[in-house]
Structure formats: structure tokens, C-alpha cells
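K.L.:
Input: one structure, supplied below.
The values are calculated or read from the model by the stated rules, or taken from the named source; none is laboratory data. Only a predicted model underlies this, so the values are computations on that prediction, with no experimental measurement involved. No Cβ is skipped: glycine too gets one built from the backbone with ideal geometry, and neighbour counts run over all protein chains shown.
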Amino acid sequence: MYIVHLCASNAGSTSPMFQGHGVATLMLCHSNPPVVGARLRDGELFIPEVVISAQALKTGRDVLRPLIVKSGIELLGKIIIGTAKGDIHYLGKDLVAMMLEGAGFEVINLGVDVSTEKFIEVVKQEKPQILGMSALVTSTMFGMRAVIEALEKNGLRDKVKTMVGGAPVTQSFADEIGADGYTVDAISAVVEAKELLGRS
Ligand code: B12
């Protein structure tokens with residue numbers, strides 16, 4: 001059984017995850033992440049609409065996930081993402097998570113206010129290829145440095161790529177703390193994640 005939901009606004013777009021795997025057409029209306037991301041960037045959609053579309057996408061994904069697992073489709077990689085300790089902003093992080101999931105990554109979203117210990121524990125358990133961290137408050141950016149240092153201390157640094165982002169984060173800060181990747185928005189986060197894993 002496959003879900004086919006036609007929607008004029010997304011006509012012609014099919015998630016690459018499903019191409020050639022029997023799901024002829026998957027169009028979750030405005031929930032197609034590349035479409036949503038581009039329309040947000042271009043000022044055609046606003047955050048509340050993006051949040052609604054993310055929820056629709058999640059609901060659709062929950063229905064499809066068992067089918068995907070059963071069909072043996074290869075995902076691009078596993079990504080853990082969370083907002084740094086002390087920081088409760090999640091909109092940007094969830095957008096990034098949504099785009100990555102839409103592009104074919106398995107994403108484990110740890111939510112907000114994630115401690116260094118929690119990041120390390122989940123990296124050990126889940127063995128992701130990428131660890132993504134978000135920070136919106138200047139003071140919480142430094143939590144990301146602590147996580148990268150803890151990865152080193154735990155002998156995990158060469159086992160997982162790190163990506164950082166959030167409004168106050170810059171490429172030079174990412175370089176300073178030794179992160180492998182930084183991007184300014186969710187669309188480029190997908191490109192960067194693929195590049196980090198050599199899947200672009
Ligand atoms: C909405 C908002 C809130 C909401 C949060 C809702 C939520 N749960 O997420 C509420 C009202 C709760 C809130 C609370 C606070 N906020 Co606030 N908030 C904002 C606001 C207006 C928008 C943030 C947002 O959602 N942007 C939209 C998203 C889509 O953009 P984004 O987060 O930047 O994400 C994009 C990129 O950065 C990137 N990205 C993000 N994460 C990642 C991760 C990776 C791995 C990658 C690659 C990329 C990436 O991709 C995203 C999508 O394109 C900003 C102002 C601003 N213009 O940024 C202030 C702002 C971030 N808040 C601020 C502050 C100070 C606070 C409070 C401390 C206020 C207070 N005194 O209580 C508290 C935070 C408490 C805490 N402990 O965290 C300050 C931070 C100042 C600073 N530099 O330190 C800001 C900048 C406002 C300001 N000008 O003063 N806030």
C-alpha cells in the first residue's frame with residue numbers, strides 16, 4: 001500500500017527518498033521540505049506556516065516509516081540534532097531536522113536544552129554519522145565547544161562529523177571550536193550534510 005497525495009502547489013516534485021522504490025508520487029502538499037525552505041527564504045511563507053507544514057510532514061512520515069523500513073530503502077545517514085544546553089529555541093533546529101529528513105537522512109531530534117552528557121550518551125548509543133547542534137543565544141554557543149571537546153575526550157571525535165548553526169553562529173566560530181560544518185540556513189544544511197558524508 002502506498003500513499004499518493006496530489007497537490008497542485010508541489011506538482012512535479014517527488015521526495016528523492018521514494019524515487020524508484022514503488023511510491024510513484026509522494027506529495028505532501030506544502031510539506032515538501034525543499035519547496036517550503038525555498039518559499040520561506042523568498043518571503044512567500046512565514047514561520048507559523050512552516051511549523052504547520054513540518055507537523056504535516058511528520059504525521060505523513062510516521063505513517064510511511066514502517067513501509068520505508070520494510071522496503072529496505074537505504075537512508076543517506078543518521079543525524080542527531082539538538083539545541084545547546086541552556087537554550088530553548090527550536091524553530092530553526094526543527095527546520096533543519098525537517099529538511100534533512102526530507103532529503104533522506106534518518107534524524108534523531110533530541111529537542112532543546114541538551115546537555116553535553118546527553119549528546120555524548122546518544123552518540124555512543126546511536127552511532128550517528130553527523131551530530132548537529134543549534135544555538136540562538138550567544139552564551140549557549142559555548143556549549144557546542146564543550147560537546148566537541150567531550151567527543152574528543154571520549155574517543156568519538158573521528159567517528160562523527162559535527163555541524164553547528166543558529167543565528168549567532170558564524171563560520172569563524174565553527175572553525176574556532178573545530179566543528180566540521182556550519183551553514184547559515186536549513187537548505188544549505190542539507191547540502192553540507194551530504195558533502196560531509198561524500199553523498200553529494
Ligand atoms: C522566536 C524567538 C524566541 C521564542 C522561541 C520559540 C522557540 N521555542 O523556538 C521565545 C519567545 C520562547 C524566545 C525566548 C528567548 N529568547 Co528568543 N528569539 C526568538 C527570535 C525572535 C526568533 C528565533 C527563530 O526562531 N528564528 C527563526 C529560525 C527559522 O531561524 P534560526 O533559529 O536562526 O534558524 C536558522 C539558521 O540559524 C539555521 N540553523 C539553526 N540551527 C541550526 C543547526 C544546524 C546544525 C545548522 C547547520 C543550521 C542551523 O537554519 C535555520 C533555518 O534556516 C530571535 C530573534 C532572531 N531574529 O533570531 C530571538 C532571540 C534569539 N532570542 C533572544 C533571547 C535573549 C531570548 C531569551 C533569553 C529572552 C529572555 N530573556 O527570556 C529567551 C531564551 C531563553 C532560553 N534559555 O533559551 C535573543 C538572543 C540574543 C543573543 N544573541 O544572545 C534574540 C536574538 C532576540 C534579540 N535580538 O535579543 N525567543
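K.L.:
Might you let me know whether the stretch 45-65 holds any residue that is surrounded by 15 or more Cβ atoms within 10 Å (Cβ to Cβ) and either at pLDDT 80 or above or not in a helix (DSSP H, G or I) (or both)?
P.N.:
yes
K.L.:
Based on what the data block shows, is Leu76 assigned to a helix (DSSP H, G or I), within 26 Å of Val50 (Cβ to Cβ) and at pLDDT below 95?
P.N.:
On the way: assigned to a helix (DSSP H, G or I): no; within 26 Å of Val50 (Cβ to Cβ): yes; at pLDDT below 95: yes.
In short, no.
K.L.:
Next question. Would you point out the residue of the stretch 147-190, among those that are of a type in the set (Ser, Thr, Tyr) and either more than 28 Å from Ala54 (Cβ to Cβ) or more than 7 Å from the ligand (Cβ to nearest atom) (or both), that is surrounded by the most Cβ atoms within 10 Å (Cβ to Cβ)? Outline the logic, then answer.
P.N.:
From the stretch 147-190, those of a type in the set (Ser, Thr, Tyr) are 162, 170, 172, 182-183, 188; that's our starting set.
Those left that are additionally either more than 28 Å from Ala54 (Cβ to Cβ) or more than 7 Å from the ligand (Cβ to nearest atom) (or both): 162, 170, 172, 188.
Working: Thr162: 23, Thr170: 14, Ser172: 8, Ser188: 17.
It comes out as Thr162.
K.L.:
Could you tell me which numbered condition Lys153 fails, if it satisfies all but one of (1) touching a residue at least 12 places away in the same chain (Cβ under 8 Å); (2) on the phi < 0 side of the Ramachandran plot?
P.N.:
Lys153 satisfies all of (1) touching a residue at least 12 places away in the same chain (Cβ under 8 Å); (2) on the phi < 0 side of the Ramachandran plot except (1).
K.L.:
Among the residues of the stretch 76-109 satisfying the criterion of being away from the ligand (no atom under 12 Å from the Cβ) and free of Cβ contacts under 8 Å to residues at least 60 places away in the same chain, which is surrounded by the fewest Cβ atoms within 10 Å (Cβ to Cβ)?
P.N.:
Filtering first and then ranking leaves Ile108.
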